[in-house]
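One structure is given below, encoded as structure tokens.
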Amino acid sequence: MIVREAKLIKGTKEQYQALDDAIRAAQFIRNKAVRYWMDNQGFGKADLYKLCKDLAFVFDFALKLNSAARQASAERAWQTISSFSDGATKMARIQIK
């Protein structure tokens, strides 16, 4: 599941701040997941979901996101990882030829 947009027309300052906080928390979770992948090789998508669940218990701002938003952040991280891995594999094949 990927969540990419949110609409807030004529919102209050508190509503805009809450939306910004949610975006920052989602980016934080995604970045932590990618960093975890960089430090620890050999894990799967399910491990990223577990990591996101654990991050919610460690960081209060991450706990404010619901589980669907945290899983969407893990999904985005997995897409980033897959894209990088696919690109690296293609580059390795080109260099071998």
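Here is the figure for region 47-68: residues that are part of a helix (DSSP H, G or I), open to solvent by less than 30 Å² (accessible area, probe 1.4 Å) and either under 23 Å from Ala18 (Cα atoms) or not hydrophobic (A, V, I, L, M, F, W, C) (or both) total 4.
Reported count of residues in region 11-46, each being at pLDDT 85 or above, assigned to a loop (DSSP other than H, G, I, E, B) and farther than 20 Å from Phe57 by Cβ, is 1.
Scanning region 72-86 for residues being of a type in the set (S, T, N, Q), modelled with pLDDT of 85 or more and surrounded by fewer than 19 Cβ atoms within 10 Å (Cβ to Cβ) gives a total of 4.
The values are calculated or read from the model by the stated rules, or taken from the named source; none is laboratory data. Predicted model, so just to flag it, every value in this text is computed and none were measured. Positions of Cβ are generated from backbone atoms using ideal geometry, with glycine treated the same way; all protein chains shown enter the neighbour counts. Note: accessible area is taken over every heavy atom of the protein model, side chains too, but ligands, DNA and RNA are not part of it. Shrake-Rupley method; radii C 1.70, N 1.55, O 1.52, S 1.80 Å.
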